Each structure stands twice: as structure tokens, then as C-alpha cells.
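The values are calculated or read from the model by the stated rules, or taken from the named source; none is laboratory data. Every value quoted in this text rests on a predicted model; they were computed, and no experiment measured them. Because the Cβ atoms are built from the backbone with ideal geometry, glycine has one as well, and the counts that use them run over all protein chains shown.
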Amino acid sequence: MVIARSLPALEAMCAEISREAGRVGLLINPDKTKYMRFSASPSGRSVKEANINGVTYEGVAEFIHLGTLISNDNSVEKEIKRRILTGNRTYFAAISLFRSRLLSRATKIILYKTLIRPAVSCGAEDGL
């Protein structure tokens with residue numbers, strides 16, 4: 001992830017990254033590399049392509065970085081909904097275990113703590 005305050009600063013950083021990557025034989029794949037614009041005003045968050053050092057990069061409005069959804073409007077509602085959906089998917093995938101009468105309540109609590117809670121809190125700072 002590269003963060004810059006302006007497009008010229010971003011161009012300079014990308015040129016330096018490309019140069020240093022080239023020194024060790026790596027190439028930056030423009031098909032997999034995306035960029036996002038942050039701004040206080042909605043018009044400054046426009047999603048469009050950027051041409052940096054002769055390479056065109058796709059602009060995105062949101063992406064997932066280290067398990068956390070980042071959006072260009074700094075909204076956390078989508079991230080919260082995504083985590084709740086992940087928790088629901090995990091719960092319903094293991095619903096037969098939670099409804100089983102063969103497992104004790106203590107075992108079901110352990111399953112909850114090891115399956116569902118990490119799915120919901122993954123990437124959260126408090127860790128529940």
C-alpha cells in the first residue's frame with residue numbers, strides 16, 4: 001500500500017518502488033495494482049484510471065487490505081455489514097454442530113469462540 005498526498009508525490013513513489021523492485025528482478029503488475037483517491041468532498045473521490053510513469057492503473061472505490069474493507073468515503077458501515085455476514089455464514093455452516101444434542105454447552109461455547117468470533121472480529125483492534 002502506498003499513500004501519497006498528491007498525484008505527483010504518488011508518481012515519485014511509484015517510480016522509486018519500480019526502480020528498487022527492478023534492482024532485485026521484480027516487476028509491478030499493472031493488472032493487479034489499483035489505486036484509490038481519498039477526499040473530504042465526494043467529487044474528489046472520483047474513480048477513474050491514472051496514468052503514472054506511462055502505466056495505467058485502475059481506480060477503485062473500495063478494497064480489502066489485511067482483511068479489512070477500506071472505502072474512499074471512510075465509511076465503516078459496509079465493513080460492519082461484511083463482518084456480520086461472515087459471522088452468519090460461519091454460524092450457518094456449523095449449525096448442525098450447534099443444534100446437536102451430542103455436544104455439551106461447553107463444547108458449543110468453544111466452537112463459538114474458535115469459529116464465529118474470529119470470523120466477526122478478524123482485523124478488529126479490540127479482539128473481543
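Total residues in segment 1-34 satisfying the condition of being among the hydroxyl-bearing types (Ser, Thr, Tyr) and modelled with pLDDT under 80: the figure is 1.
Here SER71, SER6, SER75, SER46 are screened, and the one residue that is surrounded by 10 or more Cβ atoms within 10 Å (Cβ to Cβ) and more than 23 Å from CYS122 (Cβ to Cβ) is SER46. Taken as a whole, the structure leaves ILE84 outside the set of residues that are surrounded by 10 or more Cβ atoms within 10 Å (Cβ to Cβ), in contact (Cβ under 8 Å) with a residue 40 or more places away in the chain and not hydroxyl-bearing (Ser, Thr, Tyr).
Inside segment 9-31, can you point out the residues that are surrounded by 11 or more Cβ atoms within 10 Å (Cβ to Cβ) and among the β-branched types (Val, Ile, Thr)? ILE17, ILE28, listed by residue number.
Do you know which residues across segment 6-53 are basic (Lys, Arg) and within 22 Å of THR68 (Cα to Cα)? LYS32, LYS34, ARG37, ARG45, listed by residue number. Collect the residues in segment 1-27 that are among the charged types (D, E, K, R) and not in a helix (DSSP H, G or I), keeping them in residue-number order. Scanning segment 1-27 gives a single hit, ARG5. Please give the number of the condition ASN51 fails out of (1) surrounded by 11 or more Cβ atoms within 10 Å (Cβ to Cβ); (2) at pLDDT below 85. The number of the failed condition is (1).
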